[in-house]
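Here is the structure we will look at, set down as structure tokens.
The values are calculated or read from the model by the stated rules, or taken from the named source; none is laboratory data. Source: prediction; values computed, not measured. No Cβ is skipped: glycine too gets one built from the backbone with ideal geometry, and neighbour counts run over all protein chains shown.
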There are 2 protein chains.
Amino acid sequence: MSGREFFTARTVSEALAGFRPARRTPVRAVPLAAALHRVPAADVLAPDPLPGFVRSTVDGFAVRAADTYGASEGLPSYLDLLGAVRMGEAPAVTVAPGGCVAVPTGGVLPAGADAVVMIEYTAETMPGTIEVTRPVAPGGGLVRADEDVAAGAALAPAGRPLRAPDLGLLAAAGVTEVPVHARPRVAIVSTGDEVVPPDTAELAPGQVRDATASALAGLVTDAGGEPEVAGIVTDDPGALETKLRTVLPAADLVVVSAGSSVGTRDETADAVAALGTLWCHGLAIKPGKPTLLADCGGIPVVGLPGNPLSALVVFRLVGVPLVWRLAGCEAPPPEPSTRAVLSRNLASAAGRLDVVQVRVRDGVAEPLFGPSALLSVLAHADGYLVVPEPATGLDAGCEVEVTLYR
Amino acid sequence: MSGREFFTARTVSEALAGFRPARRTPVRAVPLAAALHRVPAADVLAPDPLPGFVRSTVDGFAVRAADTYGASEGLPSYLDLLGAVRMGEAPAVTVAPGGCVAVPTGGVLPAGADAVVMIEYTAETMPGTIEVTRPVAPGGGLVRADEDVAAGAALAPAGRPLRAPDLGLLAAAGVTEVPVHARPRVAIVSTGDEVVPPDTAELAPGQVRDATASALAGLVTDAGGEPEVAGIVTDDPGALETKLRTVLPAADLVVVSAGSSVGTRDETADAVAALGTLWCHGLAIKPGKPTLLADCGGIPVVGLPGNPLSALVVFRLVGVPLVWRLAGCEAPPPEPSTRAVLSRNLASAAGRLDVVQVRVRDGVAEPLFGPSALLSVLAHADGYLVVPEPATGLDAGCEVEVTLYR
């Protein structure tokens, strides 16, 4: 364990609060169909009010409300049927006192009317005469022309990823292109003399296929980023620095999954330090201690531990919020979670964040441990729990919040 | 309100349990980089064990464990340093009794050794001699060749959408193509004389832009489906049936967002009934009562209410699980949720599921109501809560589970 590793060690809370690059991806207009989960750079405003006309919310008859006052089953009001409103068309008739006009749900309120009485409270007792058995107040059975959205109001707020219903509201307003932040380009660099590409059919003794890059690419995609798997660098001094110089100009974030031995960890730090400033080297998290955060000319660089499980744990906690922030979103969307009862005691060190993979069955969270941090643990886990920094452990039987994988 | 609408009305529970089409999308191999959230049709099996060799989990020295028995600070064991293992290479040396070989984290255990002692418990007191101050048990400091995954074991289970870490494990195993269910093709048909495309710049009085199709497309995408916005059909009798005949052959699921008036609701039922079997017409849910579920020659058809908010509420609850099931996933991934305290009383009818949009602030869930079900409510909501079918309401101050939008 190198002493240097802890030269500028930080807690995860410090990293989340303090390592906040100013960089944001550029803003471009994209078609609505491509805007799901993209982040508007500014509030998207309604050009016109919605629905844009006084609209019936029921099937019934447009009336002057005063003509229905006092109407009851025993003493109905009788109104002259003056015509009908057709869906999607401007009414051709006006409601005169003592008259009414048939109107469907969604139809335009005709001039002269100020309410719609529901068809359930009416009957056409004679052709051309509508009996009304309940009064309706002015404004009843309709929405105002700007009741859904006023002109100039925000259809979708800046900084929050667009959700499916937002796309509906934008479509309703005729906004078919939205200015959103570009997807952050995340260059993923793998290092290690032992690491070979996933499509290597036969491994030589000691070789391992690059697992971390594929998994990181998935996490980046989930966070709205654009992963660019930049290949594998050997542990030769200088090779990583050369690779970083190549990928930095076309990246919004660079992630380096380090070799797993002490020497290669230091090589990552040396290469990054040659191109920028180390913000921290060592994170008070288990697993994931040998994490590095740096700024290379305005591009954030995350150096991850060599162990794939540790790398993914750290990237989920520290890297994913960075990807969202680069796209203009300060608070990443919520992750699914569940409460469960812890099946056994968990020890931890005060000041260190412990991330524990768990299975959840019938409300019980069972920690998954192995002799070492193996990747298969993540595939078997339903989620993870966090032993927070101040705690020295968690007791069996206590209630825990488990973040669920999806 | 037509009597027919409730001819075969069902509860949401009945619909979820009973409307389960047998159809599944075909299985195709896709590259790993395109497999995120896709559903394997069968367990993906490991062709070989992982890591594939006995691997050191620490930086240290490969030893015969027996040579370290009894070692302590006061009485160290002294071992001959016979060489070093290089990352990614087969060891060139064998550990003879009384000897040791330097090995990095991730290195291959050399023949003859059965444990690795951590570098922290060693010192090179003289060149070529390693002092060991702690004993190590056989198997200490290493993982077996099949400890992460045994040959033939499942890397990822059938029926569960692949997550980012799964991609890592598959990459580690050299599985670079995965047989997964095709994305369900979901045809989205809008109806209504008043409905015009979202790119309509100027609306005539009474016209509304098609909001539902864009929002449904987003929900379909979130559920791993491939939305195909199939356009707007007028309320003319026969027009919907003609459109359905066109889209059914190329769809795994058809969604019709109905016109909002009584007449158009019946037209949907007539058109669907002409091509298949109505499973239910009317769902005990608020909002969303005028929902229709049908089977047209093995293709499920969902008829949604005309109101966009109602349509989205129903599709989220009933349609999204269908999309997942068509792709071979019986249990959709979990949604984010939070517990909150309800700010006011909510009335409901027993036997009916009520879906209430809420804002959540400081642990308090505040229902969002308007004079009618407006689309903007969804944009302002943080999520929704459900008043379950047996309940007649919820009391202010009770704890509720809010499903959060993301």
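Worth a mention:
Residue-by-condition table, conditions (1) in contact with a helix residue (DSSP H, G or I) (Cβ under 6 Å, 6 or more places away or on another chain); (2) in contact (Cβ under 8 Å) with a residue 40 or more places away in the chain; (3) farther than 26 Å from B:A213 by Cβ:
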site: A:A111; (1), (2), (3): no, no, yes
site: A:V132; (1), (2), (3): yes, yes, yes
site: A:A150; (1), (2), (3): no, yes, no
site: A:L162; (1), (2), (3): no, yes, no
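- Single match in A:A29, A:A17 (criterion: without any contact (Cβ under 8 Å) to a residue 24 or more places away in the chain, farther than 18 Å from A:M118 by Cα and outside any loop (DSSP other than H, G, I, E, B)): A:A17
- Residue within segment A:382-398 that is aromatic (F, W, Y) and in contact with a strand residue (DSSP E or B) (Cβ under 6 Å, 6 or more places away or on another chain) present: yes
- Any chance B:G303 is more than 13 Å from chain A (Cβ to nearest Cβ) and buried (at least 23 other Cβ atoms within 10 Å of the Cβ): yes
- Only one entry of A:T268, A:T221, A:T234 meets the criterion of being without any contact (Cβ under 8 Å) to a residue 40 or more places away in the chain and among the β-branched types (V, I, T), and that entry is A:T221.
- When B:V320 is tested against (1) of a type in the set (V, I, T); (2) touching a strand residue (DSSP E or B) at 6+ places or on another chain (Cβ under 6 Å); (3) assigned by TED's automatic domain parsing to the domain that holds B:A15, just one condition goes unmet, and that condition is (2).
- Among the residues of segment B:282-301, those that are under 16 Å from B:V254 (Cβ atoms) and not small (G, A, S) comprise B:T291, B:L292, B:L293, B:D295, B:C296, B:I299, B:P300, B:V301.
- From the options B:V364, B:V377, residue that is of a type in the set (V, I, T) and either modelled with pLDDT of 95 or more or assigned by TED's automatic domain parsing to the domain that holds B:P305 (or both): B:V364
- Candidates B:A42, B:A90 - the one that is in contact with a Pro (Cβ under 8 Å, 6 or more places away or on another chain), within 30 Å of A:A223 (Cα to Cα) and not assigned by TED's automatic domain parsing to the domain that holds B:A284: B:A42
- Search result, residues across segment A:195-250 that are assigned to a loop (DSSP other than H, G, I, E, B), aliphatic (A, V, I, L, M) and closer than 30 Å to A:L36 by Cβ: A:A211, A:A223
- Flag for A:V30 being farther than 30 Å from A:P138 by Cα, within 14 Å of chain B (Cβ to nearest Cβ) and β-branched (V, I, T): yes
- Exactly one residue among B:E366, B:E399, B:E389 is surrounded by fewer than 19 Cβ atoms within 10 Å (Cβ to Cβ), under 30 Å from A:A115 (Cα atoms) and over 24 Å from the mean Cα position of the chain (by Cα), and that residue is B:E366.
- Only residues that are in a strand (DSSP E or B) and among the polar types (S, T, N, Q) were counted across segment A:334-357, and they come to 3.
- Top-ranked residue in segment A:275-292 [being surrounded by 24 or more Cβ atoms within 10 Å (Cβ to Cβ) and of a type in the set (A, V, I, L, M, F, W, C); ranked as nearest to A:T25 (Cα to Cα)]: A:L292
- Selection within segment B:21-48 - loosely packed, with under 13 Cβ neighbours inside 10 Å and within 20 Å of B:W279 (Cβ to Cβ): B:A22
- Within segment A:276-286, the presence of at least one residue that is outside the structural domain of A:G351 (by TED's automatic domain parsing) and farther than 14 Å from A:G303 by Cβ is confirmed.
- Counting only residues that are within 21 Å of B:T105 (Cα to Cα) and either over 46 Å from the mean Cα position of the chain (by Cα) or β-branched (V, I, T) (or both), segment B:68-86 holds 7 of them.
- Segment A:223-240, residues that are at pLDDT 95 or above and surrounded by fewer than 21 Cβ atoms within 10 Å (Cβ to Cβ): A:E226, A:E228, A:V229, A:G231, A:I232
- Scanning segment B:149-163 for residues that are surrounded by fewer than 19 Cβ atoms within 10 Å (Cβ to Cβ) and either within 24 Å of the chain's Cα centre (by Cα) or facing chain A (nearest Cβ under 10 Å) (or both) yields B:A150, B:A153, B:A154, B:P157, B:A158, B:G159, B:R160.
- Neighbours by Cβ (under 8 Å, 6+ apart or cross-chain): first from segment A:348-363, over 19 Å from A:S310 (Cα atoms); second surrounded by 14 or more Cβ atoms within 10 Å (Cβ to Cβ) and polar (S, T, N, Q): A:V360/A:T338
- Screening A:E194 against (1) of a type in the set (D, E, K, R); (2) within 7 Å of chain B (Cβ to nearest Cβ); (3) free of Cβ contacts under 8 Å to residues at least 24 places away in the same chain leaves a single unmet condition, (3).
- Residue check for A:V313: within 24 Å of the chain's Cα centre (by Cα), surrounded by fewer than 24 Cβ atoms within 10 Å (Cβ to Cβ) and hydrophobic (A, V, I, L, M, F, W, C): no
- Here A:V302 passes the criteria (1) outside the structural domain of A:V189 (by TED's automatic domain parsing); (2) of a type outside the set (S, T, Y); (3) part of a strand (DSSP E or B) except the one numbered (1).
- Lone unmet requirement of (1) within 13 Å of chain A (Cβ to nearest Cβ); (2) more than 28 Å from B:L155 (Cβ to Cβ); (3) in contact with a strand residue (DSSP E or B) (Cβ under 7 Å, 6 or more places away or on another chain); (4) of a type in the set (A, V, I, L, M) for B:A111: (3)
- Just one of the numbered conditions (1) at pLDDT 95 or above; (2) more than 33 Å from the chain's Cα centre (by Cα); (3) not hydrophobic (A, V, I, L, M, F, W, C) is not true of B:P49: (2).
- Hey, B:V93 surrounded by fewer than 23 Cβ atoms within 10 Å (Cβ to Cβ) and within 14 Å of chain A (Cβ to nearest Cβ) or not: yes
- Check on B:P308, within 14 Å of chain A (Cβ to nearest Cβ), under 16 Å from B:A15 (Cα atoms) and not small (G, A, S): no
- When B:T212, B:T129, B:T242, B:T133 are checked against the criterion of being within 11 Å of chain A (Cβ to nearest Cβ) and hydroxyl-bearing (S, T, Y), a single residue qualifies: B:T212.
- Only one of the listed residues (B:D146, B:D166) is within 13 Å of A:L375 (Cα to Cα) and more than 7 Å from chain A (Cβ to nearest Cβ). That residue is B:D146.
- Here B:P333 clears all of (1) surrounded by fewer than 21 Cβ atoms within 10 Å (Cβ to Cβ); (2) farther than 29 Å from A:G383 by Cβ except the condition numbered (2).
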